[in-house]
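Working notes, beginning with the structure itself.
Readers should treat all values here as calculations from the given coordinates under stated rules, not as data from a laboratory. None of the values given here were measured: they were computed from a predicted structure. Positions of Cβ are generated from backbone atoms using ideal geometry, with glycine treated the same way; all protein chains shown enter the neighbour counts.
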Amino acid sequence: MVPHRIEFRYRIMAKRSKISDIRAKHTIIALLILFLILTGRLFSLQVVSHSYYRQISENNSIRMVPIAAPRGFIKDRNGKPLVTNRALYTISYLPYMSDAKFRHIDYLADLIGVDRQLLEEKLNAPIRNRYEPIKLVRGVDFGVICKIEENSEKIPGIIYQTEITRQYPADGYGSHLFGYVGEISDAELRKRDPNIYKSGCIIGIGGLEEEYDKVLRGRDGVEYLEVAASGKILGRSPYRESVPPQVGSELILNIDWKTQCVAESLLSGYIGGAAVAIDPSNGEVIAFVSKPNFDNNAFAGVISEELWASVANDTTHPLLNRACVGTYPPGSIFKPITAAAALESDSVSINDKFQPCYGSMRFGNRIFKCWKPSGHGRLDMLGAIIQSCDIYFYQVGKIIGLDVWAKYSKGCGFGERTDLDYPSESSGLSPSREYLDRKYGAGDWSRLLILNLAIGQGELLVTPLQMAVFYSALANGGTVYKPRLVNKIISPDGEIFKTKTEVLRSLPFSASTISFLVKALTAVVEDPAGTGAAARIPSITVAGKTGTAQNPHGLEHSWFCCFAPVEDPKIAVAIIAENAGHGSAHAAPIAREIVKAYLSSIGVL
Amino acid sequence: MKSIFSIDPLIFVPALLLSVIGIIGIYSTGFNTEIAFYKGMYVKQIYWLIMGLILFFTMMVIPLRFHEIFAYIYYLIAIIMLAGVLWFGTAGGAKAMRWFSIGVFNLQPAEFAKIALVFAIARFLAHYKGKFPSTPGVIVVLALGLIPFGLVVKQPDLGTALVFGVITMFLLYWAGLNSFHLFLFISPTISMIAAFNPIPLAIFIFLLVVSLLIARTDLKVSVGVIIINILFGILTPVLWNKLHDYQKLRILTFLDPGRDPRGAGYQIIQSKIAIGAGGLFGKGIGMGTQTKLAYLPTQHTDFIFSVIGEEFGFLGAVIIILLFTILLIRGITIAAKTRKGFLGLVAGGFVAIIAFQVLVNIGMTVGLMPVTGLPLPFVSYGGTSMIAFWVIVGILTAINRDWRSY
């Protein structure tokens, strides 16, 4: 090493070292600034925005799955379960359970008895998520599930899923009473409280299922599942506690199922019909039938488009509730109201006889006929009611006039809903001067319309429910109770809520008028000349009225309304058999059996 | 004379702690429910750590003069290996030729090429006769850096290639190039970014001219700089189209991760979620849902920091940054202390490698940098990386021990 080279090097190194020092400082400062920026960013992510990212990471990894709450049972007045829950099985395919495509289509089709093509279509559809089951067949029965379980190794990837749905009585008995359940529609979803009703949830449709849906449905629980990036569900999330579902409350009805079944089976033979039975002392509805029924079990399960269309387009209208939505001309069962209106307004007395009935009579320039072509002869009011003479009542109608008649008809509650705890009800039609003026133009209608109204024909329309409510009121001396289907609601923790007896109004008739009517109606059944003889029950006094309502669509509707026992009425019934003919022949015997069934059920018979 | 194995605690301890944190992080990826091979991974990493420590002490034994003598040979071997991997190497994902598969081991020559480049440039600058900086000197250094840079870019591995660029630039600065000149060197990249719109490009070139005039730079240099900047500005759109699609996508989604949330943006988004969800103290080992449930990809390598961010929170993240800060400042101090050309430059170069990778890797996990394949030193899973960095700190420790008597 040469000395001056050392010196030379030293100088350079010294210079360089000074440079290095400043550079060192600058480098350290630059480094610290950059690391500070990183730390600042970390702080912003992990402290400032922490909850935001936490939420996203949970949304990534937690899936909320609702746990369906079982609906509450519906039982009859004696505690007999009528509507319960059952399992609905669906066979599905879970792609991730087998590596290759599913090959055993023929075997599966054979095993579960399903068309091979259908399965093929579903299995060949593009798979979006290997962890999402593909539904193959919905609504198979338990036997099929057993077969699937027994042969599971032969069909890898095939699983079954269980849903809960409703079990209703067989043959559609009570189908209108109960309604059914199904998935909520978009229109309904908009109308309801979004906290309770979510898209895809099951709600009650029609009947008690709809009316008491909030009470029956309970509250769905929530399960939080941990899910991996691939979509695979790993199990319950350790971060969130599941919420168990709350079972729905139970409904205890006023309905006596034995009585209901009698009514259901007896009305089966007719094109259409309805029966409503009420306890006159409090308005409790004992039976509530509408025919034809529909298969609400099918509606609650998996209903095919064809079945739904066939029911909806059925000309006998099986979905129409004839007990309280269908309206009919009452015919002669309305004569007691005409009579009472006449008595109460002091226009007529019970002994008045008027012109005798020879089968027809001229009013104005029209001939009005009686149902009995040979005529009834000369009758007083009692006789006219017993034999249901039209001519007598035409004359009564003419005397009292439309306004009086309309006033008492409205006063009884006709033309108004009874407010039954049921989602749909018709108010019927009780014509008045204002109504007729509006419809035809002021005064532009015949003064003879009152004649038809007097015998329960013309523009008068009632529901079987309204008739039952009226005859109940007659039975108990004039109090119109609000009809109720449900007696009690029992919550899952045992709390009992009892529905209250409510008075809608009193009949606008004095006690003496009512007692006369009761006497007359009793005679309709018990008197040898009475039209209601078919309703006689040995050892029980029955009071009632037949009706044969003309209607433009065919044979007359057969009506019968009654109550029994007269001394201490336990049941009032209104029955209509559509297009069946005379009330005495068809509706009356059915009413008799209904009364017998109920009275023996409560031990009176 | 200090004992031959006297270690500098400010270097050794952070490096060891970071390695251990890395092993813990990799261990927790074993809880991942979807990816089975994560389970035994931490064992392999322990093995690499042991190998690293062995090499650490080996570097303590090898005399530093040895490296100075063989610097160019290292460099040559590195170039040959880089060229070799292009022709004979095994492709990893994304068609990148990065590895030699030797039996059970994957050897990434780029890691050692970084070290070789540092030695080569340090050797050159230390023996440079004449004043530095000088144009021919700078050109040689740039050339030394350009060769490995080009070879790695061809793999293609833009991220790693940039490390070579950073080494070159930093060593020029460390050896005496002043900041303004450094700025002049970086100016073409700024032109590149501005090039997508003629107006910003024109403004920048104008500012460049003005600053050159104010600094009274040598005419030849000024003209050269302007020409190069204009060239870069014009050529950038052309070069952009030459980029592989996935690289273009990476840059675009870095700028806007939401653009492709299921693809390239996915990693950045999930990484931020993992880190953010960790909060102050983290979710705990094995409790990170982003990690465990596989929402975070490449968790053991590129995104190991996100795993730690999720499971140990801000606390864990700051500890890692702190450890690196200690390590790097100590490294700079050593590089400044040892004013002996070769050693000071070697130390400086090593610091540049570590600092750059730390900034880019962590920056990527928090969404401040585009996704690159650069591992986090000592922490990321990977044998080559672990061994290379322990070699680096081994040499640093030796420098700290011997600088006075070099």
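So how long is each side of the protein assembly as shown along the principal axes, counting just the alpha-carbon atoms, biggest first, in Å?
If we take the Cα atoms of the protein assembly as shown, the spans are 162, 65, 50 Å.
Kindly write out, for region B:222-235 in residue order, the coupling ³J(HN,Hα) from the Karplus curve 6.51 cos²θ - 1.76 cosθ + 1.60 (θ = phi - 60°), rounded to whole Hz, with x marking Gly and Pro.
Karplus-based 3J(HN,Hα) across region B:222-235 equals 4, 4, x, 4, 4, 4, 4, 4, 5, 4, 4, x, 6, 6 Hz.
Return the lysines within reach of residue A:369: Cα separation strictly under 22 angstrom, same-chain partners fewer than 8 residues apart disregarded; answer none if there are no such residues.
A:335, A:353, A:398, A:545
Please give the Cα centre distance for region B:126-148 versus region B:205-236, rounded to the nearest Å.
Region B:126-148 and region B:205-236 have Cα centres separated by 21 Å.
Counting Lys +1, Arg +1, Asp -1, Glu -1, what net charge surrounds residue B:303 among other residues with beta carbon under 13 Å of its beta carbon?
Around residue B:303, the charge tally is -2.
In percent, what relative contact order does chain A have, based on Cα pairs under 8 Å that are 6 or more apart in sequence?
Answer for chain A is 14 percent.
What do you get for Rg/Rh of region A:43-88 when both radii come from the Cα atoms and Rh is the Kirkwood radius?
Ratio of gyration radius to Kirkwood radius: 1.53.
Kindly flag which residue pairs out of A:147/A:198; A:135/A:291; A:407/A:482; A:258/A:372 have an alpha-carbon separation exceeding 27 Å in this structure.
Beyond 27 Å: A:147/A:198; A:135/A:291; A:258/A:372.
Normalised by the number of residues in region A:467-589, what is the relative contact order in percent for Cα pairs under 8 Å and 6+ residues apart?
Here the relative contact order equals 22 percent.
Compute the angle between helix A:50-61 and the longest alpha-carbon principal axis of chain A, please, reported from 0 to 90 degrees and rounded to the nearest 10.
Once rounded, the angle reads 70 degrees.
Which of B:123, B:330, B:65 ends up with the largest GNM mean-square fluctuation for chain B, with Cα atoms connected below 10 Å?
In this elastic network of chain B, the residue with the biggest mean-square fluctuation among B:123, B:330, B:65 is B:65.
Compute, for region A:288-394, the length of the dipole vector about the Cα centre, with Cβ point charges of +1 (Lys, Arg) and -1 (Asp, Glu) only. Units Debye, rounded to 20.
Its charge dipole is roughly 640 debye.
Provide the per-residue ³J(HN,Hα) series for region B:277-289, in order, calculated from phi with Karplus coefficients 6.51, -1.76, 1.60 and θ = phi - 60°, each as a whole number of Hz, with x at glycine and proline positions.
Using θ = phi - 60°, the values come out as 5, x, x, 6, 10, x, 8, x, 4, x, 9, x, 6 Hz.
Please work out the C-alpha center-to-center distance from region A:477-521 to region B:4-32 and express it in whole Å.
Here the two parts' Cα centres lie 86 Å apart.
Using modelled amide H (1.01 Å from N, peptide plane; none on Pro or chain starts), what sits under 5 Å from the amide H of residue A:272, excluding residues fewer than 5 places away?
A:578
Under the definition of partner shielding as Cβ atoms of other protein chains within 10 Å of a residue Cβ, what is the mean value for peptide B:324-332?
3
Hey, fewest Cβ within 10 Å first, where do B:192, B:386 land in order?
If I rank by nearby Cβ atoms, fewest first, I get B:192, B:386.
For Cα pairs less than 8 Å apart in space and 6+ apart in sequence, what is the mean separation divided by the residue count of region A:179-237, i.e. the relative contact order in percent?
28
Between residue A:222 and residue A:317, 0.36 nm times their residue separation minus their Cα-Cα distance comes to what?
In short, 30.2 nm is gained.
Where the only charges are on Cβ atoms (+1 Lys, Arg; -1 Asp, Glu), what is the dipole of the protein assembly as shown about its Cα centre, to the nearest 20 debye?
Computed about the Cα centre, the dipole is about 5640 debye.
What lysines could a cross-link reach from residue A:154, if we take a straight Cα to Cα line under 16 Å and drop same-chain neighbours fewer than 8 places away?
Here the lysines satisfying the reach criterion relative to residue A:154 are A:101.
Ranking A:450, B:69 by Cβ neighbours within 10 Å, fewest first, what do you get?
Fewest to most other Cβ atoms nearby, the residues stand as B:69, A:450.
Using Stokes-Einstein with the Kirkwood hydrodynamic radius over Cα pairs, what translational diffusion coefficient do you get for region B:9-405 at 4 °C and a viscosity of 1.567 mPa s, in µm²/s rounded to a whole number?
Translational diffusion coefficient: 58 µm²/s.
Given region A:64-253 reduced to its alpha-carbon atoms as identical point scatterers, what log10 I(q)/I(0) does the Debye formula return at q = 0.10 Å⁻¹?
Here log10 of I(q) over I(0) equals -0.55.
Kirkwood hydrodynamic radius of region A:292-370 from all distinct Cα pairs, in Å?
17.7
Straight-line reach from residue B:292: which lysines have Cα under 24 Å away, leaving out those fewer than 8 places along the same chain?
A:232, B:39, B:44, B:272, B:283
For B:112, B:312, B:180, what ranking results if the residue with the fewest other Cβ atoms within 10 Å of its Cβ goes first?
Going from sparsest to densest Cβ surroundings: B:180, B:112, B:312.
Please give the helix A:390-411 orientation as an angle from the longest Cα principal axis of chain A, in degrees from 0 to 90, rounded to the nearest 10.
That works out to roughly 40 degrees.
Expressed as cubic angstrom per residue, what is the convex hull volume of the alpha carbon set of chain A?
264
Summing -39500 (n - 2.57) over the DSSP H runs of n ≥ 4 in the protein assembly as shown and dividing by its residue number, what mean residue ellipticity at 222 nm do you reach, to the nearest 500 deg cm²/dmol?
For the protein assembly as shown, the value works out to -16500 deg cm²/dmol.
So, by mean Cβ neighbours within 10 angstrom, what's the order for A:580-586, B:350-356, A:514-520 with the highest one leading?
B:350-356, A:580-586, A:514-520
Using modelled backbone amide H atoms (1.01 Å from N, in-plane), which distant-in-sequence or interchain residues come within less than 5 Å of residue A:357's amide H?
A:376, A:377, A:378, A:379
Using the Cα centre as the reference, give the magnitude of the dipole from point charges on the C-beta atoms of region A:19-154 (Lys, Arg: +1; Asp, Glu: -1; all else neutral), rounded to the nearest 20 debye.
Roughly 600 debye for region A:19-154.
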